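The values are calculated or read from the model by the stated rules, or taken from the named source; none is laboratory data. These numbers were taken from a predicted model, which means no experiment stands behind them. Methodologically, a virtual Cβ is constructed for each residue, glycine included, from the backbone with ideal geometry; neighbour enumeration extends over all protein chains shown. The protein model used for the area step is the full one, side chains on, heavy atoms only, and it has no ligands, DNA or RNA in it. Shrake-Rupley method; radii C 1.70, N 1.55, O 1.52, S 1.80 Å.
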Amino acid sequence: MKNNEKLIEQAKNILYKNDVDGYTVPTHGLYPFQWNWDAAITALGWMKFDEPRAWQELEFLISGQWEDGMIPHILFHKESDTYFPGPDVWGSDKLVKSTSISQPPVLTTIVKMLFEEAKDAELRDEKLAKILPSLIQYHLWWYRDRDPETTGLVVSYHPWESGMDNSPAWDSALDAVPQVTWEYQRQDLNHIDASERPHKEQYDRYLYLVEFFKNKHFDSNDIYRDCPYKANDVSLISILQRATLDLLALCKQLNVTGPDIESLKVSVGLTKNAINDLWCEETSFFYSKDLITNSLCKVKTNAGFLTLFGELANDEQAEKLAKEAVEWMSASAYAMASTDPRESKYEPQRYWRGPVWLHINWMIALGLELNGYSETAAQVKEKTDILFKKSKYFEYFNAETGEGCGGDNFSWTAAIALHWLL
Ligand code: DGY
C-alpha cells in the first residue's frame with residue numbers, strides 16, 4: 001500500500017472508531033461526548049468518504065441547540081464517567097444535556113464547504129433545508145446575546161468557549177476570576193500526562209465560571225453584567241466573521257431573504273469596522289481583549305492570524321501578518337506554534353501554550369490564501385502534513401519535537417488529514 005493510502009485508511013478508521021451511533025467523539029476516554037467545533041471539523045473528514053454520515057454529524061450537533069439559538073460547546077448525548085465536569089456540574093435542564101457556553105462557530109463554514117462538495121444533490125438539499133434555519137438562529141444569537149451593546153465585537157465568557165482553553169492570552173483575565181474551594185476529581189489527568197494539560201489554578205477558575213453561569217440561571221443579561229471574565233476573543237470573532245460571510249453567501253445562493261439576513265449583514269459590517277480595536281500598531285499584531293480591565297491580552301498567539309481567515313485584516317495588516325507567519329515558522333522546528341516561540345510564555349508541549357494544532361493551521365492557510373499569500377499558505381500546509389505523517393493522529397503536536405501530544409486517535413486531526421489527502 002502506498003504511504004498516502006495507508007494514512008487515509010488509518011484516518012478513516014479513526015473516524016469509524018470514534019463514531020458513537022451517529023456522532024463522533026474527539027477521542028475516547030479524554031473527550032467522550034460531542035464537541036461543537038470538533039464535530040464541524042470532523043464532518044469535513046466524513047464528507048470525503050461518507051456524505052450521509054457527514055450531514056448526520058451536524059444534525060446531531062444541531063439537535064442540542066437551545067431555544068435562544070445557542071449551540072453548546074459540549075453535548076452530553078450519553079453518560080460517561082471518564083470526563084469532568086459533566087452535565088451535573090453545568091446544570092442545564094435542556095432535553096439534550098449540554099454545557100451553557102458555545103465554541104467558535106466554524107460549523108457554518110463547514111456547512112458551506114459540504115454544500116459545495118456534495119455529490120448527492122438531493123441529500124444536500126434535504127439536509128440544508130433543515131440545517132439553514134438553525135444556523136441563522138445561531139448566528140443571530142451570537143450578535144444579540146454576546147454583543148448586547150452592538151460594538152461589533154462579541155464577548156466570550158470562558159476560556160473553553162475559545163476552544164484555545166489554556167492559551168497564555170487568557171492568563172491575566174483568568175487570574176481575576178475567583179477559585180472554587182470545593183474538592184473535585186479531574187479526569188483529564190487519568191488519560192494525559194500533567195505536563196500537557198492546564199494547572200489546577202486554572203481548573204479552579206474554569207469551574208468557578210461554570211458555577212457562576214448556573215447560579216445566574218443562564219440569564220444572558222445577568223451574565224453580561226456580572227461575569228468576572230469577559231473577553232473579545234480575536235479567534236472566535238474571526239471565525240464568526242468567516243462563518244457569517246459564508247452563511248450570507250449560502251442564503252444568497254438559496255434565495256433566502258428577510259430581516260434576519262439584513263441584520264446579519266449589518267453585524268459583519270460592524271465587526272469589520274470594530275476590528276482595529278484589537279490591532280496593536282506597535283507590535284503589528286491582533287490580540288484578544290480583556291474587557292474587565294479594557295486592555296489587550298498582549299501575548300502573540302496563533303489566534304491573531306485568524307483575522308486573515310475572517311477577511312478582517314486590511315491589506316497593510318495582512319502583509320504584516322504574512323511576514324510574521326514566515327518568521328514564526330522559522331522560530332520553531334515544527335509550525336505553526338500556537339504561541340509565538342519568541343514569547344516568554346511559550347511552552348512547546350503544554351495545551352494551547354505552544355503546540356501545533358492541525359485545524360488552526362488549516363484555517364490559517366486558508367486565510368493566507370484568501371489574502372493572496374499562497375506561497376506562505378503552502379508552507380503552512382507542508383509543515384502541517386509533516387506532523388501527521390511523522391507522528392500520526394494526535395490531538396496536537398509538540399512544536400519543537402513534532403511528537404504527538406494530548407489525545408491519541410483524534411477525530412479532527414484525522415479529518416483535516418482526510419480533507420487534505422483526498
Ligand atoms: C477540556 O475539558 O479540556 C475541554 O477542552 C473543554 O472544552
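A few comments on the model shown:
- Residue in the range 293-306 that is touching a Lys or Arg at 6+ places or on another chain (Cβ under 6 Å), within 21 Å of ALA40 (Cα to Cα), modelled with pLDDT of 95 or more and part of a helix (DSSP H, G or I) present: no
- Output for the range 372-388, where each listed residue is closer than 11 Å to TYR334 by Cα and either of a type in the set (D, E, K, R) or surrounded by fewer than 21 Cβ atoms within 10 Å (Cβ to Cβ) (or both): GLU382, LYS383, ASP385, ILE386
One line per residue, one yes/no per condition, for (1) open to solvent by 10 Å² or more (accessible area, probe 1.4 Å); (2) assigned to a helix (DSSP H, G or I):
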site: PHE218; (1), (2): yes, no
site: ASN221; (1), (2): yes, yes
site: ILE239; (1), (2): no, yes
site: THR244; (1), (2): no, yes
site: LYS252; (1), (2): yes, yes
site: ASN255; (1), (2): yes, no
site: SER263; (1), (2): yes, yes
site: VAL266; (1), (2): yes, yes
site: GLY269; (1), (2): yes, yes
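- Among all residues of the range 48-63, there is at least one that is crowded, with 20+ Cβ neighbours inside 10 Å and among the small types (Gly, Ala, Ser).
- Against the numbered list (1) more than 13 Å from the ligand (Cβ to nearest atom); (2) among the aliphatic types (A, V, I, L, M); (3) open to solvent by less than 30 Å² (accessible area, probe 1.4 Å); (4) farther than 21 Å from GLY304 by Cβ, ALA173 comes up short only at (4).
- Figure legend. Inter-residue proximity from the range 166-179: first residues β-branched (Val, Ile, Thr), second residues open to solvent by less than 10 Å² (accessible area, probe 1.4 Å), beta-carbon distance below 6 Å, spacing 6+ or different chains. Indicated pairs: VAL177/TYR229.
- Single residue of the range 309-336 satisfying the filter (touching a helix residue (DSSP H, G or I) at 6+ places or on another chain (Cβ under 7 Å) and closer than 22 Å to ILE386 by Cβ) that is surrounded by the most Cβ atoms within 10 Å (Cβ to Cβ): PHE309
- Those helices (runs of 4 or more DSSP H) of the range 99-215 in which at least 1 residues are of a type in the set (Val, Ile, Thr), considering only elements entirely within it, cover 106-117, 121-145, 200-215.
- Within the range 88-111, considering residues that are modelled with pLDDT of 95 or more and open to solvent by 20 Å² or more (accessible area, probe 1.4 Å), the one nearest to the ligand (Cβ to nearest atom): VAL89
- Residues satisfying the stated conditions in the range 121-131, i.e. open to solvent by 70 Å² or more (accessible area, probe 1.4 Å) and touching a residue at least 24 places away in the same chain (Cβ under 8 Å): LYS130
- Of everything in the range 407-422 that is of a type in the set (A, V, I, L, M, F, W, C) and not in a helix (DSSP H, G or I), the residue that is nearest to the chain's Cα centre (by Cα) is PHE410.
- Residue within the range 274-282 that is within 16 Å of the ligand (Cβ to nearest atom), in contact (Cβ under 8 Å) with a residue 12 or more places away in the chain, open to solvent by less than 40 Å² (accessible area, probe 1.4 Å) and under 25 Å from THR339 (Cα atoms) present: no
- The range 77-87, subset away from the ligand (no atom under 15 Å from the Cβ) and charged (D, E, K, R), residue nearest to TYR138 (Cα to Cα): LYS78
- All positions within the range 19-32 that are buried (at least 24 other Cβ atoms within 10 Å of the Cβ) and either away from the ligand (no atom under 16 Å from the Cβ) or assigned to a loop (DSSP other than H, G, I, E, B) (or both): VAL25, PRO26
- Members of the range 33-60 found to be among the hydrophobic types (A, V, I, L, M, F, W, C) and within 16 Å of the ligand (Cβ to nearest atom), listed by number: PHE33, TRP35, TRP37, ALA39, ALA40, ILE41
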